[in-house]
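Working notes for the structure below.
Any read-out appearing in this document is the output of simple, stated calculations on the displayed coordinates, not a laboratory observation. Treat the numbers as computed from the prediction; the structure is a model and nothing was measured. Methodologically, a virtual Cβ is constructed for each residue, glycine included, from the backbone with ideal geometry; neighbour enumeration extends over all protein chains shown.
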Amino acid sequence: MPAFISEALGLGALIGSVWEISVMAISGTVLILVGGTVVLLVVFGIRVAIRAVAGGAAAAPRSGDREAAGGSGAPDVAGVITLPPLIFLGFLAAAAVLEAVIPLPVLAAPSLTRYLGGAVLAACGFVIIFMAAGRFRAAGTNIPPTLPTTALVIDGIYRRTRNPFYLGATLVYLGLGVAAGSFWVIGLIVPLLWVINTGVIAREERYLERKFGDAYRAYKARVRRWV
């Protein structure tokens, strides 16, 4: 065999080895990111739950805390069915159970593509969530919807969407589903969004209309619920 052919074959083998190592390194990094996303979602849900319980306990004895707008006498909270992070975690758990009982084929895409796509979606979701949290903190209002809203936030990310927290959480949820290649996680997005829309967002909107009146109705008219 001529020397130049041997050298070419050797170079090809070296390139192939480097490529395999690179793919493994990238896959490992993305897996770590996806795992970190799950941990962050769980921690965020627990943190919101703790703050809501602590805040609710502190506010419970104050039976005089009622909405000033409209004179409805209703409690100064939105009355959502539960904390939104728990809803997203619940649907992830339901998808895991369904996957164990009725396993479906993994999404037909290379693992690296799924991992990268899922990581990008989840990262975008967390960025949106952190931007929304920053606006709430700047306004001095509560983040958990089980606590009173003390200020109407309409600036920053809220100029683009009325519900950046739920938009971000949905992107994180979809990112996990794509990375896992799970048809169950992705398929449950429809009932998940129905629960969020009816059990959380619609109740928050009624509450904010009662509390902030025309200011919220004007904001609602010019900014979409989602995007």
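If you take the square roots of the eigenvalues of the alpha-carbon gyration tensor of segment 93-227 and sort them as a ≥ b ≥ c, do you get rounded (a/c under 1.5), prolate (a/b over b/c) or oblate?
prolate
Pop a pseudo-label 7 angstrom from the Cα along the beta-carbon direction at both LEU193 and PHE130 and give the gap in nm to one decimal.
Simple spin-label model gives 2.6 nm for this pair.
Would you mind ranking VAL223, VAL172, VAL97, VAL195 so that the residue whose beta carbon has the fewest other beta carbons within 10 Å leads the list?
Sorted ascending by nearby Cβ count, the order is VAL97, VAL223, VAL195, VAL172.
For a quick check: sort THR149, THR82 by the number of other beta carbons within 10 angstrom, fewest at the front.
Numbers: THR149 21, THR82 15.
With the sparsest Cβ surroundings first, the list reads THR82, THR149.
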